[in-house]
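The values are calculated or read from the model by the stated rules, or taken from the named source; none is laboratory data. The structure displayed is predicted, hence computed values, not measured ones. Ideal geometry is used to build each Cβ from the backbone, glycine not excepted, and the neighbour counts take in all protein chains shown. The protein model used for the area step is the full one, side chains on, heavy atoms only, and it has no ligands, DNA or RNA in it. Shrake-Rupley method; radii C 1.70, N 1.55, O 1.52, S 1.80 Å.
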Amino acid sequence: MWQFPAILTTLIFALCSAITPAQALRAWSAHPADSASSRALQAFADTVRDASAGRIAITTYNNSELGDQPQAIQKLAQGDIDFAVFNLGPLSGVVPQARLLTLPFVFHDSEHMFRKLDEGLGNRIASSLLDKGFKVLGWYDGGSRSFYCMNHVVRYPSDFAGLRVRVQDSPVYNDMVRQLGATPVIVPFNDISKAFQDGRIDCAENNLPSYVETGNYKYARNVLLTNHIVTPEVLVVSRKYWQTLTPADQAMLQSLGTQSGAVMRTLWKQQLGNAETTLHKAGIQPVPVKDPGVFVARMIQVYASALQGSDEFNQVLPAMMK
Ligand code: GTR
């Protein structure tokens, strides 16, 4: 019987895969194209395209162009967006285990935080995120967050009484601000300057690069360096897309994602340095907290509600603080 030559079958198969159009994959970022986060995401997309010979083509969308973070989280979980860099604050609304990485006054600095992630905490949270549809590819630096206010000078917890403080849509952030006697006001990241201008908020909190990047520093010039939340951000791919990949492509994405984390951390240090220079030129002098203990004392209730009913969390938290 006539048989199709094996070599032809192989050739036709190779040709078909070569002409398979690259899928239009979308990546979400909250930040502008020149930020550390978006630059690292773009570099990741470029290396993935090269390593896959153009088969995996990712287009990045910056400045929350595809929706604010809570919307993007929903879209990624459903597979409408394929990649993203998320802050764990909003993500912890969907994945409660991620709250652990957003608790105030747990990590001293980024170095401490990344050490704990590498010691196993990262894998633990990554597995909870995967259960909800988010496959972690890399850990980015979310910096160290502090409060800043317009027309108010804050030094002690009692100074926050009655102030309206912008927060991310996140249970821990809401709770933290309430424990300071202030009112949390949820405002999307890209609308904070407008909220200051409209008089809807008195204060906000963020890391210094975001404080500068958003232009918030032009409106709220009084910065109290509380460094209350030191948190990572995650480079994620939707589980829906991840499951369509071959093991070889999964391994490639995982390895390039880890590398992307290292790239981002270097770019982040540069962005932090630039932000400090901008603030110095603008005459803004962030004031260190005199007694962090009085702030920590207010957070007991925040830990209690975040850890409520979870023995697992209660065992992990003390080890995270060391
Ligand atoms: C930034 C973070 C953003 C967003 C923002 C916010 O530091 O990188 O993803 O979470 O804070 O406060 O909304």
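Using Cα pairs under 8 angstrom and six or more residues apart, how large is the relative contact order of segment 21-64, in percent? Before the final figure, lay out each step's value.
On the way: 62 pairs, mean separation 25.7, N = 44.
Here the relative contact order equals 58 percent.
Tell me, what is the Rg over Rh of segment 255-322, with Rh the Kirkwood radius over Cα pairs? Could the numbers behind the result be given before it?
Details: Rg = 18.5 Å, Rh = 16.1 Å.
Here Rg/Rh amounts to 1.15.
With an 8 Å cut-off on Cα pairs and a minimum separation of 6 or more residues, tell me the relative contact order of segment 44-132 in percent. Present the calculation step by step, with values, prior to reporting the outcome.
Numbers: 46 pairs, mean separation 15.8, N = 89.
Relative contact order comes out at 18 percent.
Per-residue ellipticity at 222 nm for the chain, helices alone: DSSP H runs ≥ 4 residues times -39500 (n - 2.57), over residue total, nearest 500 deg cm²/dmol? Working shown, then result.
Values: 14 runs with 147 residues, N = 322.
Helix contribution divided over all residues of the chain: -13500 deg cm²/dmol.
Set the Förster radius R0 to 30 Å, insert the Cβ-Cβ distance between THR258 and THR278 as r into 1/(1 + (r/R0)^6), and round the FRET efficiency to 0.05.
On the way: r = 31 Å, r/R0 = 1.03.
Once the sixth-power term is evaluated, E becomes 0.45.
For the residue pair ARG178 and HIS152, what label-to-label distance in nm results when each label sits 7 Å from Cα along the Cα-to-beta-carbon direction?
In this crude label model, ARG178 to HIS152 measures out at 1.7 nm.
Please name which of GLN250, TYR156, ILE58 has its Cα lying farthest along the dipole of the chain towards the positive end, using unit charges on Cβ (Lys, Arg +1; Asp, Glu -1) and the Cα centre as origin.
Working it through, the farthest residue towards the positive pole turns out to be TYR156.
Got a sec to turn the phi values of segment 121-134 into Karplus ³J(HN,Hα) couplings, 6.51 cos²θ - 1.76 cosθ + 1.60 with θ = phi - 60°, whole Hz, x for Gly and Pro?
Result, rounded to whole Hz: 4, x, 5, 4, 5, 4, 6, 5, 5, 4, 4, 9, x, 10.
Compute the FRET efficiency between MET321 and ALA57 as 1/(1 + (r/R0)^6), taking r as their Cβ-Cβ distance and R0 = 51 Å, and round to the nearest 0.05.
Details: r = 43 Å, r/R0 = 0.84.
Approximately 0.75, to the nearest 0.05.
Bin all alpha-carbon pair distances of segment 107-198 at 5 Å intervals from 0 and give each bin's fraction as a whole percent.
3, 11, 16, 17, 18, 15, 11, 8, 2
Over the Cα atoms of segment 165-322, what Rg and Dmax result, in angstrom?
Calculated on Cα positions, Rg and Dmax stand at 19.0, 54 Å.
Which whole-number percent is the relative contact order of the chain (Cα, under 8 Å, 6+ apart)?
Details: 550 pairs, mean separation 77.3, N = 322.
Rounded, it is 24 percent for the chain.
Within segment 127-152, what residues put their amide N at less than 20 Å from the label point 7 Å along the Cα-to-Cβ vector of GLN250?
Of the residues in segment 127-152, 127-139 have backbone N under 20 Å from the label point off GLN250.
Dividing the Cα convex hull volume of the chain by residue count, how many Å³ per residue is that? Display every interim value, and only then the final one.
Values: hull volume 45.4 nm³, N = 322.
So the per-residue Cα hull volume is 141 Å³.
Just to make sure I understand: if all protein chains stay in place, what is the order of LYS135, LYS269 by accessible area at 1.4 Å, largest first? If you can, show how the numbers build up before the last one.
On the way: LYS135 40, LYS269 150 Å².
Listed by decreasing accessible area, they come as LYS269, LYS135.
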